[in-house]
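The values are calculated or read from the model by the stated rules, or taken from the named source; none is laboratory data. Just so we're clear, the structure is a prediction, and the values are computed from it rather than from any experiment. With ideal geometry, Cβ positions are generated from the backbone for all residues, glycine too; neighbour counts draw on all protein chains shown. These accessible areas exclude ligands, DNA and RNA; they are computed on the full protein's heavy atoms, side chains included. Shrake-Rupley method; radii C 1.70, N 1.55, O 1.52, S 1.80 Å.
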Amino acid sequence: MKKKKRIRFRRSFFLPFIITLTAAVATGVLGLAAHQWIMEPVKKKTTNTVNADKEESRAEENAQTIGEEEINEPADPVDEGGETEPVAAVSKYQEELDDPVYMEENNIYTVEPAEEGQVTLAFAGDILFDDHYAIMGPVHAGGGISDGITPEVIERMQAADIMMLNNEFAYSDRGAPLEEKQFTFRARPETAAYLTDLGVDLVSLANNHAYDYGPEALTDTLDILRETGIPYVGAGRDISEARRPVYYIVGDIKIAFVSATQIERLDTPDTKEATENSPGVLRCWNGAKFLETIREAASNSDFVVAYVHWGTENQVELDWAQLKQAPELVEAGADLVIGDHPHCLQPIGVIQGVPVIYSMGNFWFNSKTLDTGMVEVVLDESGIVSYRFVPCLQSGCRTTLLHGAEKERVLTYMRSISEGVRIDEEGFVSW
């Protein structure tokens, strides 16, 4: 489980003043009273230089007006020991935070970051919890998800403030597999608890397997994820819910997550798109609705993550639909693009300063030996601080973190297929 994150407080002290009156009466001479105000500066903790400048300016204004008794702000409360009481930090989104009904209606969540002033996002690709496929073999043999995804990987996932991946199946005991579909995926409802064990905070359901057992199984999936406490994007009981972003407020940063799928490039796909009165996913083969969703999310947040199911299976080369749509996502307002579906790693690129990884590959999905990885992105109020690719390996139905020569092998490969970016020996990406 994730460690509890400390609640942040910003200490706010107004400048204390010590007044010393010295009166001297000399024999035969009346002494004039001398008043001296002594100001002792107090150093404030602030979360950024802008706030620090504001506090220094306020201190100077107060110092200038003390002699004229024009102090405009009341002193902070003081306890009997003379210590000022800490005042909780106030987010610029405090009005939203103070309205739980608004938060729930608008899919807004909060998280306390591990490091003040920053938030770490982590992303991975496809996972599968279906008992009928080989991937669950180690879990059944050992009795825990850590027998499939190693503790070292799980620790990395849990360390992120917000961890997101692609939930490529339904959670349900109902429904029937879609006719003539070669692979259909469905997991027992109780396996949703594995997401919590892994440290997952958010999943995408915008893929070509969430609807494998029909509308009943999809709506069960929505209910089970909600009961488990895992927000989801990219699917819903109707098109309004399928389009709705998930927002996280972290201090003074509001991050939007949106998701859609290009896959099943047909007019009548097996995986149904949600409508005004029926459940389904958000499709972006015709990208108009998804682009409008991104624009709306951008207008209501500081940073937008677009998680997209696209590309051609088992093909490293980008297809024309990816190349066409990626710039459109950026133009609409996406600040980070995460792709999946091809079951293999694809390039990392950059479009107008926005990083795009076109496919994360399988994260923990089948018995094949495949290179995979995680992306870790650190944000602050100014935007992306760092972007890192973390090499992993799916092999023998287990996903492990790579080190040494194997880690360098995957990084060398990512360098060879990624144009316009630099990837250092620790996986940090720059452009």
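Side notes on the structure shown:
- Length gained when the stretch Ala141-Ala114 is fully extended (0.36 nm per residue, less Cα-Cα span): 6.3 nm
- Backbone phi angles across segment 290-307, fed through the Karplus curve with coefficients 6.51, -1.76 and 1.60 (θ = phi - 60°), yield HN-Hα couplings of 5, 5, 5, 4, 5, 4, 5, 4, 5, 6, 10, 8, 9, 8, 10, 9, 10, 10 Hz in residue order; Gly and Pro are listed as x.
- Packing-based order for 314-320, 370-376, 390-396, using average beta carbon neighbours within 10 Å, highest first: 370-376, 390-396, 314-320
- A 1.4 Å probe run over the protein chains yields, for segment 272-418, 36 Å² of accessible area per residue, whole-number rounding.
- Segment 223-367 - charge dipole about Cα centre, Lys and Arg +1 at Cβ, Asp and Glu -1, debye rounded to 20: 100 debye
- Heavy atoms of Thr120 accessible to a 1.4 Å probe, total area in Å² rounded to 10: 40 Å²
- Carbon plus sulfur fraction of accessible area for segment 161-274, probe 1.4 Å, in percent: 45 percent
- Accessible surface ranking for Cys344, Cys284, 1.4 angstrom probe, highest first: Cys344, Cys284.
- Ordered from highest to lowest accessible area with the whole protein assembly present and a 1.4 Å probe, Arg188, Arg388, Arg226 read as Arg226, Arg188, Arg388.
- Classification of segment 234-335 by its C-alpha gyration tensor yields an oblate form. The axis ratio a/c (a ≥ b ≥ c) is 1.5 or more, and b/c is at least a/b.
- Added length on full extension, which subtracts the Cα-Cα distance from 0.36 nm per residue, Lys324 to Asp267: 18.6 nm
- Taking the protein heavy atoms of segment 307-431 in the context of the full set of protein chains, the accessible area attributed to carbon and sulfur is 52 percent at 1.4 Å.
- Largest first, the residues Lys289, Lys181 sort by 1.4 Å accessible area into Lys289, Lys181.
- The HN-Hα couplings worked out from phi for segment 396-401 by the Karplus form 6.51 cos²θ - 1.76 cosθ + 1.60 (θ = phi - 60°) are x, 6, 9, 10, 10, 8 Hz, whole numbers, x standing for Gly and Pro.
- Considering only Pro327, Leu266, Asn286, the residue lying farthest towards the positive end of the dipole of segment 205-364 is Pro327, judged by Cα position with unit charges set on Cβ.
- Here the Karplus relation 6.51 cos²θ - 1.76 cosθ + 1.60, evaluated at θ = phi - 60°, turns the backbone of segment 371-380 into coupling constants of 5, 8, x, 10, 10, 10, 10, 9, 10, 9 Hz, with x for every Gly and Pro.
- Extension gain (nm, one decimal) between Thr400 and Asn286, 0.36 nm per residue minus Cα-Cα: 37.4 nm
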